[in-house]
1. Taking the range 220-239 on its own, how many of its residues are among the small types (Gly, Ala, Ser), in a helix (DSSP H, G or I) and farther than 11 Å from SER417 by Cβ?
2. Are any residues in the range 470-493 in contact with a Ser or Thr (Cβ under 7 Å, 6 or more places away or on another chain) and of a type in the set (Phe, Trp, Tyr), and if so, which ones?
3. Only one residue in THR416, THR450, THR478, THR472 is surrounded by fewer than 18 Cβ atoms within 10 Å (Cβ to Cβ), at pLDDT 70 or above and within 20 Å of SER283 (Cβ to Cβ). Which one?
4. Has the range 365-388 got at least one residue that is outside any helix (DSSP H, G or I) and open to solvent by less than 50 Å² (accessible area, probe 1.4 Å)?
5. Among the residues of the range 362-407, what is the count of those that are of a type in the set (Val, Ile, Thr) and at pLDDT 85 or above?
6. From GLY349, GLY308, grab the single residue that is open to solvent by 40 Å² or more (accessible area, probe 1.4 Å) and either within 26 Å of GLU106 (Cβ to Cβ) or modelled with pLDDT under 90 (or both).
7. Which one of these does SER314 not meet: (1) over 18 Å from SER383 (Cβ atoms); (2) over 37 Å from the mean Cα position of the chain (by Cα); (3) of a type outside the set (Asp, Glu); (4) open to solvent by less than 10 Å² (accessible area, probe 1.4 Å)?
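The values are calculated or read from the model by the stated rules, or taken from the named source; none is laboratory data. Everything quoted here is computed from the prediction, not taken from an experiment. We place every Cβ from the backbone using ideal geometry, glycine too, and count neighbours over all the protein chains shown. Ligands, DNA and RNA are excluded from the accessible area calculation, which covers all protein heavy atoms including side chains. Shrake-Rupley method; radii C 1.70, N 1.55, O 1.52, S 1.80 Å.
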Amino acid sequence: MLLYERLCKISERFAGRTGRKRDDKELQRAVKFLAPIMDVSIKGIEAAANLMSVLILLLVFFILTFFEISTLIVAPVAGMFAVVTYYIVVTYPIALMNSYKLGLSEEADLVFEQFILVFQSGGTIFDAIEMVAQSDHPYLSKAFKQMISEIDEGTPPETCLMDFAKSQPSEDLRRYFTAIISSLEKKTDLIETLSGESFEADLALRQKNLELESRLLVVAALVTYVPIMFTLAVSLAGYATSILIVLAAPLFILMNSLLKSRFSRQFFAYFDRPRNSTIIAPSQKQIIAEYDSFLNFLILLGERLRTGDTLEVSLDAIRNDLDIEAQRLVDIALSAIYTEEVGIMEAMGRASDAALGQRVAQMLNMVAIMCETSTQAAGDRISKIASRLIKRSAVAKERDSIIAAQRMKVYLLTITSAAVLGMLASLSPFLYIGSLLSQGPSFTLGVITTLDILPLLVTLGITTLSTGYQNTRMVSGTRPLLISLVCGLLFWISFALSSGLIGIG
């Protein structure tokens, strides 16, 4: 994201005249939405797209010409790369905005609860905006801090909130903010206006689960079939013995890494972000275990608060009924209250600082704020929030079963690809189309040795090892190094058997 921002600024400075103001409402909304985290302009984006497409066009043209490929092939291929580059650069802000959609939808009901808490305690809309800004929302806190700066310059809070709502990709968030402004104008009860349920989050999660299987297989297929197509192309063109083929290995590894990381960002590391990224980040399994334990804690706490007990009494009463993960957090709060004699807000803050995931940390602080006004009312709201979060957690964890079902398919695809690459490598000297169309193969059986095609073998061997390792990591499989070695051995065994039958020494 930082690299893209610098690219747009540099391009606007040196190629600003090529960037026209695009009449694209979606791009305009994306630029406005990303303003708190990325400073780009539409003119800079257009200039960067033009500059990068020209550079890629020249680079691809030079590389293909260097290999003495026909101009009839070079021109359309270079043009295709240039068009794809232009499209990627121009649509990146829109794609980045849409990537925040699910997270915003998941946090919409929590932000709505924060506004209700402030209004119930007699606070103003500015107090609510300030509370969200001081929270640990990944995007919203930064956006609301920028909103506070605009308010300090004289813009009314209602105007800032409404303008912010208009640029949101999340319909739930837009609906909540519109209802908040409307309730302030009409003096209506905000709690009765909306149920507080984020329907879009549940829908988006189910949609992601439906997309998961196809996208997972597409990613796995790309990183396994592209090396096969490359081997065929190199063999037919007669470059099977060229040392320059080795340069393709890092390109395949990079492609695999980019596809895996994109898949991981969208689907694998789906559940929550670590609260503290400066230390060794906990695994998603640890975060999920803590979150499930915390949901049980919310249910028990809500029931206890309904009886009229204070928060500290309720924590002590339910402590023994909690799982180990939730007990650890409650013990921190209780120790701070009874041993160090600190206030409940500070005690819950310490428990929040010890949480593994951001969601648990945020909810711990919210529980303390809720109980400041009325513990009995807080009990009702905590129980409602817990029931919603339990439903969403179940939907989110559906993809665990989907990944488990697809893991064997990815393993099979990766292993099969390794075997096919080994066979193709042994056939590569005989697939040169020039010799096939003339007087037969340029190699004589019994004379060909492994050293003749060593560059191709090194390239495919490294690629096979990398594919086995990264595909295993992509589907959260265990022992990726072992799978990588298995793929490498299959590649070599397949090559050895096939070359033995053909006559390569």
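1. 3
2. PHE491
3. After applying the criteria, what remains is THR478.
4. Looking through the range 365-388, at least one residue is outside any helix (DSSP H, G or I) and open to solvent by less than 50 Å² (accessible area, probe 1.4 Å).
5. Going through the range 362-407 one residue at a time, the tally reaches 2.
6. GLY308
7. For SER314, the failing item is (1).
Table: residues versus (1) at pLDDT 80 or above; (2) in contact with a strand residue (DSSP E or B) (Cβ under 8 Å, 6 or more places away or on another chain); (3) more than 30 Å from GLY379 (Cα to Cα); (4) among the charged types (D, E, K, R).
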| site | (1), (2), (3), (4) |
| --- | --- |
| MET38 | yes, no, yes, no |
| GLY44 | yes, no, yes, no |
| LEU58 | yes, no, yes, no |
| PHE67 | no, no, yes, no |
| ILE88 | yes, no, yes, no |
| ALA95 | yes, no, yes, no |
| SER99 | no, no, yes, no |
| GLY122 | no, no, no, no |
